[in-house]
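Worksheet: the structure to be examined is printed underneath.
What follows is calculated from the coordinates using simple rules that are stated; it is not laboratory data. Note that the structure is predicted; figures quoted are calculated from it, not measured. No Cβ is skipped: glycine too gets one built from the backbone with ideal geometry, and neighbour counts run over all protein chains shown.
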Amino acid sequence: MIEAVDLHKVYPVNKRRVVALDGVDLSVEQGEVYGVVGQSGAGKSTLLRCVNLLERPTSGRVVVDGRDMTALGAADLRRARRRIGMVHQHFALLSSRTVAGNIAFPLENAGVPRRRRGARVAELLDLVGLGDKAKAYPAQLSGGQKQRVGIARALASDPAVLLSDEATSALDPDTTESILELLRDLNRELGLTILLITHEMDVIKRICDSAAIMESGTFLESGKVLDLIATPGSRLASSLFPLPPTDAPDSVAVTYPRAYDEPLMSELTRRFGVDVNILAGAVEQVAGTSVGRLNVQIQGERRDGALRFLTDKGLLVQEAGR
Amino acid sequence: MIDALTEFADRLPGMQETLYYGTLDTLYMVLWATVFSVLFGLPLGVLLVTTERGGLTPAPWLKPVLGAVVNIGRSLPFIVLMVAVLSLTRLLTGTTLGPTAAIVPLSIGAVPFFARLVETAVREVDRGVVEAAHAMGTRKSAIVGKVLLPEALPGLVAALVMTVVTLVSYSAMAGAIGGGGLGDVAIREGYQRFDDHYLWATVILLVVIVQAAQTIGDLVIRRVSHR
Ligand SMILES: Nc1ncnc2c1ncn2[C@@H]1O[C@H](COP(=O)(O)OP(=O)(O)OP(=O)(O)O)[C@@H](O)[C@H]1O
Ligand SMILES: [Mg+2]
């Protein structure tokens, strides 16, 4: 749905060059929630703004929904942008318009006649749970409500893709929770593809199917969250599951990519006669599944067989400590 | 004091007609000059913002030209400007005397003034909102008409009020060189004939006009501001 190839963005700042993007390859599939995390200044916003060409990449190509954005003329670019919703950290609502007026704005751009605009606005207000706020002005809303208006506005022209730049960073934890839930619901119910940017690991854990870690204008790692978690040495995995490093001999890191009903560890001791010692562990909800990670020490004659048994059960096993 | 006031009140009926027509002339000049200020100053002020680098319609050659024109207009004292444009005034209105002739220098003086205030008001519009409009595929004309101007509206109304108030004071100056209006009354009846009562009356009327403009403006600003 979104393909970016070898994106570079260089800003000239007083005769010096600030490299904001340094060769980013991004691939977001239809219907998934893709999160980009990274420190401040990593280039996350620049990347997002390159997707809808708010910022023109210095080099590289951006294809959204089959359309090469970098090759479009001004009028075609405007039309293409109407199929890409965007949600902003500071909401960016028009203070001069009511909630309904704000949501109607993209419909006016698209030339939707007045009567149909009204119906669509009402529908969108219901979708984001603000049915009673149509006539309120943004100044009269809470942060969470403002962001709901922002989301409704972004969805008004039936976009194929939603871009979100730190949509929850200006909100308190409870409100963040409810906005993330809304995004997840929209993704599931409308099949909306979402590319979001955040500096909170928690957001990745809660709603993302895929993720990338960004630093100094490049992706350190990217892919399906569950795959990344199973990848040896993954930064994402260690950020999501901060297990203490271990020096214990014969220890392995075991990742449960889903919840298991069977008592795997006791079966292990029974069938292979190995000693199992759990050193550390964590269970988290990731990409909608319960994912667990354990550091365990497994010792005994038939250790290799025991590890193979775990792998056969679908667990991800890797020798720890190196 | 009481005596002076009673005397002033006794004089009022006699001064009534002169003051009435003086007020009408002042309002007439100010009104038309305001219309022209908006007509020319609003687009000029918007252009001052949109033509700059990184703006909506960047024009690196136009921006300094517009800026210079505005600065020249702003730096001329009004009384000098009035004399300087006399031939233009004659060309446009066929005369250099009377309220209609005064509209020309008044407009020329107020356009750059209003344009600068418009520039400031438009510049205050949240960049994030403008960017959001771009992200929604909004054409440039709609960004001006549906984002910049409505978002800046309270500031624009305040700018309009300031311009009207300035025009009232300019119009009094115009009276000094035959422009008509309350300034004319104050000079001819008050100053040249040493009639303090005319002076007081014109001062009171000018204050009332300015006060009314400000009050109405404040009401409108409260209505259109939703921040
Ligand atoms: N318009 C610009 N002109 C010059 N430099 C810029 C511009 N926009 C961004 N940069 C620089 O590019 C780099 C990446 O900025 P960007 O805003 O993409 O970071 P970010 O990851 O979104 O950070 P944050 O989490 O703080 O929002 C930074 O070094 C920034 O200073
Ligand atoms: Mg950012």
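Structure data summary
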| quantity | calculated |
| --- | --- |
| Under 5 Å, built H, 5+ apart or other chain: amide partners of A:Val33 | A:Ile194, A:Asp209, A:Ser210 |
| Residue exposure sequence - A:Ile204, B:Ile187 - by fewest surrounding Cβ within 10 Å | B:Ile187, A:Ile204 |
| Assigned charges on the beta-carbon of Lys, Arg, Asp, Glu; the protein assembly as shown dipole about Cα centre (debye) | 1440 |
| Mean projection area, nm², convex hull over Cα of region B:6-58 | 5.5 |
| Residue order, fewest to most beta carbons within 10 Å, for A:His88, A:His199 | A:His199, A:His88 |
| Overall form of region A:197-245 per C-alpha gyration tensor (a/c, 1.5; a/b vs b/c) | rounded |
| Rg to Rh quotient for region A:69-201, alpha carbon positions, Kirkwood Rh | 0.96 |
| In region A:229-322, GluC sites (Glu not before Pro) in a DSSP loop with at most 10 other beta-carbon atoms within 10 Å | A:Glu301 |
| Lys/Arg +1, Asp/Glu -1 at C-beta; region A:168-225 dipole; positive extreme among A:Leu220, A:Leu186, A:Thr198 | A:Leu220 |
| With eigenvalues of the C-alpha gyration tensor scaled by 5 and rooted, chain A, Å | 43, 24, 16 |
| Calculated [θ] (222 nm, deg cm²/dmol) that DSSP helices of n ≥ 4 give over chain B, each run adding -39,500 (n - 2.57) | -26000 deg cm²/dmol |
| Charged-residue dipole, Cβ positions (Lys, Arg, Asp, Glu), region B:174-227 about Cα centre, Debye nearest 20 | 400 |
| Contact order normalised by residue count of chain A, Cα under 8 Å, 6+ apart, percent | 19 |
| Per-residue HN-Hα couplings for region A:163-169 [Karplus 6.51, -1.76, 1.60; θ = phi - 60°; Hz; x = Gly/Pro] | 9, 9, 9, 6, 4, 10, 5 |
| Rounded, prolate or oblate (a/c below 1.5 giving rounded, otherwise prolate when a/b exceeds b/c) for region A:131-221 by Cα gyration tensor | prolate |
| Cα extents of chain B along the three principal axes, largest first (Å) | 70, 41, 24 |
| DSSP beta bridges in the protein assembly as shown [antiparallel fraction, %, rounded to 5] | 70 |
| For region A:64-117, with +1 on Lys and Arg beta carbons and -1 on Asp and Glu, the positive-most of A:Ile103, A:Met86, A:Val64 along the dipole | A:Ile103 |
| DSSP-loop trypsin sites (Lys or Arg not before Pro) across region B:39-132, with at most 11 other Cβ within 10 angstrom | B:Arg53 |
| Descending semi-axes in whole angstrom, ellipsoid equivalent of region B:187-227, from the Cα gyration tensor | 36, 6, 4 |
| Links that overshoot a 23 Å alpha carbon limit, given the list A:Lys133/B:Lys140; A:Lys44/A:Lys205; A:Lys146/B:Lys140; B:Lys63/B:Lys140; A:Lys44/A:Lys224; A:Lys135/B:Lys146 | A:Lys133/B:Lys140; A:Lys146/B:Lys140 |
| Exposed chymotrypsin sites (Phe, Trp or Tyr not before Pro) absent - longest run of chain B, DSSP non-H/G/I/E/B, at most 11 other C-beta within 10 Å | B:62-193 |
| Pairwise Cα inverse-distance average, inverted: Kirkwood Rh of region A:184-283 (Å) | 16.2 |
| Space enclosed by the convex hull of the alpha-carbon atoms of the protein assembly as shown, per residue, Å³ | 223 |
| Sum of side-chain charges, A:Ile213 neighbourhood, beta-carbon under 15 Å (Lys, Arg +1; Asp, Glu -1) | -3 |
| Environment charge of A:Arg120, counting only residues whose C-beta is closer than 15 Å and scoring Lys/Arg +1, Asp/Glu -1 | +2 |
| Mean separation of Cα contacts under 8 Å (6+ apart) over length of region A:224-322, as relative contact order % | 36 |
| Hz values of 3J(HN,Hα) by residue in region A:243-254 - Karplus curve (6.51, -1.76, 1.60), Gly and Pro given as x | 8, x, x, 10, 9, 4, x, 6, 8, 10, 9, 10 |
| Mean Cα-pair separation over length for region B:75-115, i.e. relative contact order, pairs under 8 Å, 6 or more apart, % | 34 |
| Formal net charge of residues neighbouring A:Pro242 (Cβ-Cβ distance under 14 Å; K, R +1; D, E -1) | +1 |
